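First the structure, in the form of structure tokens, and then the observations on it.
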Amino acid sequence: MNETATAPTAPLRARAEIDLAALRANVRALRARASGSALMAVVKSDAYGHGAVPCARAAVEAGAGWLGTATPEEALALRGAGLPGRIMCWLWTPGGPWREAIEADLDVSVSGMWALRELVAAAREAGVPARVQLKADTGLGRNGCQPGEDWAELVAEALRAQSEGLLRVTGLWSHFACADEPGHPSIAAQLTLFREMLAYAEGQGVRPEVRHIANSPATLTLPESHFDLVRTGIATYGISPSPAIGDPADFGLRPVMTLSASLALVKRVPAGHGVSYGHRYVTPGATTLGLVPVGYADGIPRHASGAGPVLVDGKWRTVAGRIAMDQFVVDLGGDEPATGTRAVLFGPGDRGEPTAEDWAQAAGTIAYEIVTRIGTRVPRVYVNEGQAG
């Protein structure tokens, strides 16, 4: 185990331990599932809360040929940190940093004519051809170009700009709406439309390096969707995209983040004692309470009040009453662990602790949100940084 040099030696109020050996193993497992395709490790939103730069480096070490981010600012930050190779970003708004992205040799996604025109203008100014990937809306209904006349216009304009040396179309891509719901009819419909839109673009002369539509659930369960590249987000961090398709262990994955805090107080209280705001929990008998010094300001979902599980002193406890901004309480049932005892909110789950999925169930949300929302007040402590893991 190899903590970062900056990690303090004194006990931390809270910590999110990030196991980079687990991340590298996850990338290798995902590459094996899509052995005929390249793999893009998606590190948007600070690598789903895990830390973009350390996780990106570990993913590349494990063989990820591409990195993906939502915003251009995220992608530029990776370049600024010295990450080499292919980096793609896809969430643009008018006036975005097109020229900076071009000069940083990023692959940028375009979904409509306004974006293509801004990109071409920036490429002219930079005197460097842009790398562009055209995104098709095959049924998700978010970003992406509509089929039919809109797609024809976008493809034609991109090819015209390519003939002028202003850009190179490096990819054609789309995104699933329901790949985490096995058998959903939209999956086959989107694949059919994606193939049709690919065939049209290629028939017009587009020669993409990569064609891609597979996200994490499709990478795990839909080999027919793998094409030239798969994009793995949440699966990279060892979390299943949905309980409906299986647990992480079913796919050889291990959760990367373990979130814990040090008990700030342990005290005895009588029966009938109200706990936290609104007294939504009242002790049924004389007991002990433990104060866990994290709250919704740290990303602990308030919706898990009265339900969130915590491992303290070898036993599962449940949040007692409301989760507050900076702290919550667990009923220890008369046990008296020492102040400072580690309370584990979630981790891989194979050491008796809850998982992010357990917290998602308690909060009525998805595990993606549980890990991604852990805030900046919680330091990330990286372990197993060397490539041996």
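The values are calculated or read from the model by the stated rules, or taken from the named source; none is laboratory data. Please read all numbers here as calculations on a predicted model, not as lab measurements. Positions of Cβ are generated from backbone atoms using ideal geometry, with glycine treated the same way; all protein chains shown enter the neighbour counts. Side chains included, ligands, DNA and RNA excluded: accessible areas come from the protein's heavy atoms. Shrake-Rupley method; radii C 1.70, N 1.55, O 1.52, S 1.80 Å.
Split the accessible area of the stretch 226-319 by element, probe 1.4 Å, and carbon with sulfur accounts for 53%.
Taking amide H as placed 1.01 Å from N in the peptide plane, L167 has its amide H under 5 Å from the amide H of A130, Q162, each at least 5 places away in sequence or on another chain.
Each other residue within a Cβ distance under 15 Å of A104 adds +1 if Lys or Arg and -1 if Asp or Glu, for a net charge of -3.
What value, in deg cm²/dmol to 500, does the helix sum -39500 (n - 2.57) over DSSP H runs of n ≥ 4 give at 222 nm once divided by the residues of the chain?
Helix-only estimate at 222 nm: -8500 deg cm²/dmol.
Eigenvalues of the alpha-carbon gyration tensor of the chain, scaled by 5 and square-rooted, set the equivalent ellipsoid semi-axes at 45, 21, 19 angstrom, largest first. Solvent exposure of the chain amounts to 41 Å² per residue of accessible area, where only protein heavy atoms count and the probe is 1.4 Å. The mean sequence separation of alpha-carbon pairs under 8 Å and at least six residues apart, normalised by the residue count of the chain, gives a relative contact order of 20 percent. Seen through its C-alpha gyration tensor, with square-root eigenvalues sorted a ≥ b ≥ c, the stretch 79-169 comes out oblate because a/c lies at 1.5 or above while a/b is not bigger than b/c. Here E153 sits with roughly 80 square angstrom of accessible surface, probe radius 1.4 Å.
Shown for the stretch 89-209: the carbon plus sulfur share of the solvent-accessible area, taken with all protein chains present and a 1.4 angstrom probe, equals 50%. Amide H to amide H distances under 5 Å link A214 with R231, where only residues 5 or more positions off or on other chains count and H is placed in the peptide plane. Count Lys and Arg as plus one, Asp and Glu as minus one, and take only other residues whose Cβ is under 11 Å from that of R317; the net charge is then -2.
The relative contact order of the stretch 23-152, computed from alpha carbon pairs under 8 Å that lie at least 6 residues apart in sequence, is 16 percent. Considering only G347, A179, M40, the residue lying farthest towards the positive end of the dipole of the chain is G347, judged by Cα position with unit charges set on Cβ. Once backbone amide H atoms are built at 1.01 Å from N, D137 has C145, Q146 as its partners under 5 Å, excluding neighbours fewer than 5 places away on the same chain. For the stretch 322-334, 3J(HN,Hα) computed residue by residue from phi via the Karplus equation (6.51, -1.76, 1.60; θ = phi - 60°) reads 7, 7, 9, 4, 10, 6, 8, 10, 10, 7, 8, x, x Hz, glycine and proline entered as x. Taking a point 7 Å out from the Cα of T341 in the direction of its Cβ, the residues of the stretch 269-295 whose backbone N falls within less than 11 Å of it are 288-291.
Please tell me the relative contact order of the stretch 200-288 in percent, rounded to the nearest whole number, where contacts are Cα pairs under 8 Å and at least six residues apart.
16
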